[in-house]
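K.L.:
Mind looking over this structure? Questions follow.
The values are calculated or read from the model by the stated rules, or taken from the named source; none is laboratory data. Given the structure is predicted, the values throughout are model-derived calculations rather than measurements. Cβ placement follows ideal geometry from the backbone for every residue including glycine, while neighbour counts extend to all protein chains displayed. Each accessible area value is taken on the protein alone, full model and side chains, heavy atoms only, with ligands, DNA and RNA left out. Shrake-Rupley method; radii C 1.70, N 1.55, O 1.52, S 1.80 Å.
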Amino acid sequence: MNKKYKIRSIITIVFIVGLWQLIALLKNNEFIIPYPIHVIDAMIQQVFSKSFYKTLLYTIARAIIGLNISFIFGIIMAYISYKYKIIKEMFYPLLLLIRSIPNISYILIVLILFSRTNAVIIILFLILFPIIYTNIYSALQNIDLSFKDVLQIYPEKEWYCVRKVYLPLLKPTIEASLLSGISLAFKVGVMAEIIGGMQIGIGRELNLCRLNFDMIGMFAWTGWMILLLVCMDQIIKTMMNRNKKVKQMCESLKKSLNGSD
């Protein structure tokens with residue numbers, strides 16, 4: 001993250017908080033818009049509560065598990081559909097059906113059919129899987145023809161092609177899908193927790209705040225969600241950048257060793 005980006009981010013945050021403070025002053029009613037300082041104070045108090053960390057952990061775990069399952073099945077099904085046209089043609093109507101059903105319908109139907117413990121993960125899968133599948137399949141379709149020609153001229157084992165050709169070429173698409181997917185996973189997961197009446201999770205806390213007309217608490221938990229998403233986004237980007245640096249170091253070392261020979 002460069003210096004200019006940090007400065008712009010700080011300016012944007014200051015502007016948003018300032019606008020929030022102005023609206024709160026104009027309304028002068030914390031049942032509608034609480035003051036930023038009171039929300040920050042509530043967030044600080046939550047940090048000293050043991051249940052706070054358990055609440056975050058459950059929501060994070062559900063989002064990550066749902067996202068991982070969606071990614072695994074999305075990549076596998078996209079690759080199989082790419083390799084075998086008949087599978088793609090048979091799978092497409094089902095995919096179209098999954099994409100056509102509104103998210104709220106998924107949540108309500110799954111909550112009726114399955115236990116609350118598994119419902120959130122199943123809901124996340126049904127919503128995230130079509131997006132990931134479509135992104136990966138489109139990226140496979142757009143692979144340069146020159147790579148396909150090389151693979152036909154010099155055929156290799158399937159697993160070798162996946163590791164050495166397809167995955168490296170799909171890396172930008174996978175990274176972009178992961179960054180957008182983690183945000184959607186948290187949003188949908190919390191919404192499912194609210195509607196499903198989960199015993200533990202950010203959704204439950206938001207629902208309790210709504211029932212108690214606690215706008216400060218609602219804003220505080222929303223603030224923690226935003227911070228969580230920002231942290232997860234930065235962690236993913238850091239891991240990606242680190243992998244790139246390690247790969248570059250390995251390539252440089254390999255070149256130097258070859259040169260010395």
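K.L.:
Any residue in region 87-97 that is aliphatic (A, V, I, L, M), open to solvent by 60 Å² or more (accessible area, probe 1.4 Å) and not in a helix (DSSP H, G or I)?
P.N.:
No.
K.L.:
Being loosely packed, with under 12 Cβ neighbours inside 10 Å and touching a Phe, Trp or Tyr at 6+ places or on another chain (Cβ under 7 Å) narrows it down to one residue among F15, F48, F31; which is it? It would help to see each step written out before you state the result.
P.N.:
On the way: F15 fails: touching a Phe, Trp or Tyr at 6+ places or on another chain (Cβ under 7 Å); F48 fails: touching a Phe, Trp or Tyr at 6+ places or on another chain (Cβ under 7 Å).
Result of the check over F15, F48, F31: F31.
K.L.:
Taking the options L208, L229, name whichever one is in contact with a helix residue (DSSP H, G or I) (Cβ under 9 Å, 6 or more places away or on another chain), surrounded by fewer than 18 Cβ atoms within 10 Å (Cβ to Cβ), closer than 21 Å to I132 by Cβ and at pLDDT 85 or above.
P.N.:
Selected residue: L229, the only one of L208, L229 that is in contact with a helix residue (DSSP H, G or I) (Cβ under 9 Å, 6 or more places away or on another chain), surrounded by fewer than 18 Cβ atoms within 10 Å (Cβ to Cβ), closer than 21 Å to I132 by Cβ and at pLDDT 85 or above.
K.L.:
With respect to the numbered conditions (1) closer than 22 Å to G189 by Cα; (2) out of contact with any Pro (no Cβ under 6 Å at 6 or more places or on another chain), which one is the sole condition not fulfilled by I98?
P.N.:
Against the list (1) closer than 22 Å to G189 by Cα; (2) out of contact with any Pro (no Cβ under 6 Å at 6 or more places or on another chain), I98 comes up short only on (2).
K.L.:
Something else about it: Name the residues in region 134-193 that are at pLDDT 85 or above and farther than 29 Å from V230 by Cβ, would you?
P.N.:
Y137
K.L.:
Checking the structure you have, find out if any residue of region 34-56 is free of Cβ contacts under 8 Å to residues at least 12 places away in the same chain, within 23 Å of R210 (Cβ to Cβ) and in contact with a helix residue (DSSP H, G or I) (Cβ under 7 Å, 6 or more places away or on another chain).
P.N.:
The answer is yes, given that some residue of region 34-56 is free of Cβ contacts under 8 Å to residues at least 12 places away in the same chain, within 23 Å of R210 (Cβ to Cβ) and in contact with a helix residue (DSSP H, G or I) (Cβ under 7 Å, 6 or more places away or on another chain).
K.L.:
When the residues of region 76-100 are filtered to those that are aliphatic (A, V, I, L, M) and touching a Leu at 6+ places or on another chain (Cβ under 8 Å), which remaining residue is modelled with the lowest pLDDT?
P.N.:
Per the stated criteria, the residue is I98.
Residue-by-condition table, conditions (1) modelled with pLDDT under 85; (2) more than 16 Å from F219 (Cβ to Cβ); (3) part of a loop (DSSP other than H, G, I, E, B); (4) not aromatic (F, W, Y):
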residue	(1), (2), (3), (4)
M1	yes, yes, yes, yes
I10	yes, yes, no, yes
F15	no, yes, no, no
L19	no, no, no, yes
L26	no, yes, no, yes
N29	yes, no, yes, yes
H38	no, no, no, yes
I44	no, no, no, yes
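K.L.:
Still on this structure: Among the polar types (S, T, N, Q), open to solvent by less than 90 Å² (accessible area, probe 1.4 Å) and modelled with pLDDT of 90 or more: is that true of T55 in this structure?
P.N.:
Judged against the criteria, T55 is a match.
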